[in-house]
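Here's the structure we're looking at; comments come further down.
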């Protein structure tokens, strides 16, 4: 299939013009798994050399839109946001502030996600969220009684799954794609957050209880309550990550972030944390 859309203007550099045209073709006309037209066909369509086409295809492969293999035409991939996720993960590994920046991004996305989810939740969406919660509970029990490292990894995977399921149940495809793209950096940040959570005297069960309160409000169709429950949960996440950074706990790759740590909790906050009863 050759592009049917209007070709980008000739004022663009040749490679950029082909990239823009192919993106319109990939996102607007071709389905995942479809092959691009041949290099010769594309070169004729865009009035460029085959070398220019080849460079444009490499650019789109780097963006995660095409799969390349020797001797075959490029194949359209299902968009997965992997490049964005790689950027977030790399930033977090080298900049302590990146961990807190990620939570601010989550506040912008996930409070809205909870709001929409409460308005639009389906039986299938509710089942997916409930399944993730059940997985978190089972993994938390294993963390107490079995192989802590392996169980903790499963716990974080289910935690990410909870947030992804909620985004998908919101009915907003963009939110779903963004949360999917953030899966790896989220899992890495949850690892550090749990260390800070425990330093503050809390347990994984407290985090599960916060997730349950969000889900309860979603099931009740209480959009405002779901948003507030998510807001409180993310506020605690800021405190957990800040506590871990101030304790100089390394991230998963073992290297301390190179930039300044997060803000220290105030003495009054430390007193409140010490007095706060653990929720189960």
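The values are calculated or read from the model by the stated rules, or taken from the named source; none is laboratory data. Just so it is clear, the structure is predicted and the values come from calculations on it, not from any experiment. Cβ: placed from backbone, ideal geometry, glycine included. Neighbour counts: every protein chain shown.
Of the residues making up the stretch 195-231, those that are without any contact (Cβ under 8 Å) to a residue 40 or more places away in the chain and farther than 17 Å from residue 156 by Cβ are 213, 216, 228.
Just a yes or no: is a residue in the stretch 159-170 buried (at least 16 other Cβ atoms within 10 Å of the Cβ) and touching a residue at least 60 places away in the same chain (Cβ under 8 Å)?
Scanning the stretch 159-170 turns up no residue that is buried (at least 16 other Cβ atoms within 10 Å of the Cβ) and touching a residue at least 60 places away in the same chain (Cβ under 8 Å).
Results for (1) assigned by TED's automatic domain parsing to the domain that holds residue 159; (2) closer than 26 Å to residue 170 by Cβ; (3) touching a strand residue (DSSP E or B) at 6+ places or on another chain (Cβ under 6 Å), shown as yes or no for each residue.
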| residue | (1), (2), (3) |
| --- | --- |
| 68 | no, no, no |
| 93 | yes, no, no |
| 97 | yes, no, no |
| 105 | yes, yes, no |
| 112 | yes, yes, no |
| 121 | yes, yes, no |
| 131 | yes, yes, no |
| 139 | yes, yes, no |
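Would you confirm whether any residue within the stretch 150-164 is assigned to a helix (DSSP H, G or I), closer than 26 Å to residue 222 by Cβ and at pLDDT below 90? No, there is no match, as no residue in the stretch 150-164 is assigned to a helix (DSSP H, G or I), closer than 26 Å to residue 222 by Cβ and at pLDDT below 90.
Looking across 36, 60, 88, 42, one residue alone is assigned by TED's automatic domain parsing to the domain that holds residue 177, surrounded by 15 or more Cβ atoms within 10 Å (Cβ to Cβ) and in contact (Cβ under 8 Å) with a residue 24 or more places away in the chain. It is 88.
Of all the listed residues (232, 175), the sole one being crowded, with 19+ Cβ neighbours inside 10 Å, assigned to a helix (DSSP H, G or I) and assigned by TED's automatic domain parsing to the domain that holds residue 88 is 175.
Note on the stretch 183-221: residues that are in contact with a helix residue (DSSP H, G or I) (Cβ under 6 Å, 6 or more places away or on another chain), part of a loop (DSSP other than H, G, I, E, B) and crowded, with 17+ Cβ neighbours inside 10 Å total 1.
I need the full set of residues from the stretch 38-94 which are on the phi > 0 side of the Ramachandran plot and at pLDDT below 90, in order please. Selection gives 64, 71, 81.
Selection of the stretch 98-124 for residues being over 16 Å from residue 214 (Cα atoms) and surrounded by 16 or more Cβ atoms within 10 Å (Cβ to Cβ) yields 98, 99, 100, 102, 103.
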